[in-house]
Amino acid sequence: MSQHVPTVDGRFTDLAISPKMQERLAYLKFINPTPIQAKAIPIALEGKDVIGIAQTGTGKTLAFVLPMIEHIARTKKQGLIILPTRELAAQVDEVLQKLANAFGLRRTLLIGGAAMGRQIAELRSNPHVIVGTPGRMNDHIQEGRLKLHNVGVVVLDEADRMLDMGFAPQIKKILQHVPRERQTMLFSATMPGGIVSLAQAYMKLPVRVEVAQAGTVSERVNQELFIVSQDQKLQLLDKLLKEYSGTVLVFSRTKHGAKKMCRAIRNMDHSAAEIHSNLSLAQRRRALEGFKAGKYRVLVATDIASRGIDVTNIELVVNFDLPDNLDDYVHRVGRTGRAGKTGHAISFITPSQRSKIRILERMVRDSLKVSPLPELPPHRAALQNQHAADAEASFRERGRRPFRRGGYTPGRRGHSPSRQANRSGGRRQPRVHS
Ligand code: AMP
């Protein structure tokens, strides 16, 4: 496991955790806790409810997984971890696996798009830890397969995102089945009003711990903006992909856009994969694994799919489109500059979106640099227009002289100079360009 993430001076051995956990952490080479771990773990070990405000890449998964395992090992209760996306759930399950197996704890991962059979079998064996997304969890609850009366610890991870995705009613339904006597931990990168209400509804006197102000972007991320028209964005991307040499995560606002962009990037001769909710879980997994393994240099993602992307060496994040929900800017940008590394985030802003810059600046509590647009190679459509304009100009020239036989000017069908010339008695009417 990575040791690049910034840690504090204290050591895990200073924390009141079991010898077995100490052993496991040493084996995984986790020596010093990260700031969120140093703050949240002691409180969580006391059994208190915790609200953790932490940026992505700060080690927050271990901050809740560690105390949850200790709790379960001690009380023989079950743990429930609810997350917004399949990828994120799978990633938390990976961390769990590294720790929970040593304690003889069984897990199940309840996510949509994955085979039901395995989940049903795992539920039959009464797992100690249940990780999943709200929709699939509710499916299992409805079918009477998922019983939550023995749950003693609940984690709501990426809670702000779950609210954005409209999961509040689903979370409510799930928590109705969990005993009130329990420990609840909530983790979120931002702290909008909805999270406060969620905490009031489901938590008991939670202790709030925070490692960076809610909504801030790591100082290690160099943020830059370009004002660029929609039809020049691809050329700008092309230029950036040549300028940077490392892995690049590109955000598209829509699934359709992600697909088209992925194709365009491949045409620019870069290996690229796409990740969005139109793909099956297996396809999404392949894309993410391929990106992690270096098979694809560029990953094009939509916001929903991006949450689970824990890749530590993304050099550049490109916001090809601004997110619909500007809060997502922070999450997107948090994909680079992870685990102690320096990152770059470049956003494309169309001229009509200029007013959004102020909002972004307020969100990240920093001024954002607008870079001058570099000289861009003409776009295909622009090239075509140019051709037409050149043809027009040369035709106008010729129009003053007798028309040259057999002369050819590229143009739209039906607008060929000879036809125009014929219709206008040898003189071409000026054409209006839109
Ligand atoms: P997370 O924010 O939970 O996604 O973690 C980000 C990265 O930090 C993951 O790659 C973890 O393996 C790594 N990490 C978490 N805790 C520690 C730690 N105490 N020491 C070193 N690396 C860590």
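The values are calculated or read from the model by the stated rules, or taken from the named source; none is laboratory data. Keep in mind the model is a prediction, meaning the values are calculated, not measured. All Cβ positions, even for glycine, are placed from backbone atoms using ideal geometry, and neighbour counts span all protein chains on display.
Applying the criterion of being among the hydrophobic types (A, V, I, L, M, F, W, C) and surrounded by fewer than 21 Cβ atoms within 10 Å (Cβ to Cβ) to the residues of region 13-26, the residue that is farthest from the ligand (Cβ to nearest atom) is A16.
Yes/no matrix, rows are residues, columns are (1) among the basic types (K, R); (2) in contact (Cβ under 8 Å) with a residue 24 or more places away in the chain; (3) farther than 26 Å from V221 by Cβ:
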position	(1), (2), (3)
L28	no, yes, yes
N32	no, yes, no
E46	no, no, yes
T61	no, yes, no
I69	no, yes, yes
K76	yes, no, yes
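Within region 299-342, the only residue that satisfies the criterion of being modelled with pLDDT of 85 or more and over 14 Å from the mean Cα position of the chain (by Cα) is E315. If you go through region 113-144 and keep only what is closer than 23 Å to I69 by Cα and in a loop (DSSP other than H, G, I, E, B), you end up with S125, N126, P127, H128, T133. Among the residues of region 267-302, the one identified as assigned to a helix (DSSP H, G or I), among the charged types (D, E, K, R) and exposed (fewer than 15 other Cβ atoms within 10 Å of the Cβ) is E289.
Here is the figure for region 27-54: residues that are near the ligand (Cβ under 8 Å from one of its atoms), crowded, with 19+ Cβ neighbours inside 10 Å and more than 22 Å from K204 (Cα to Cα) total 3.
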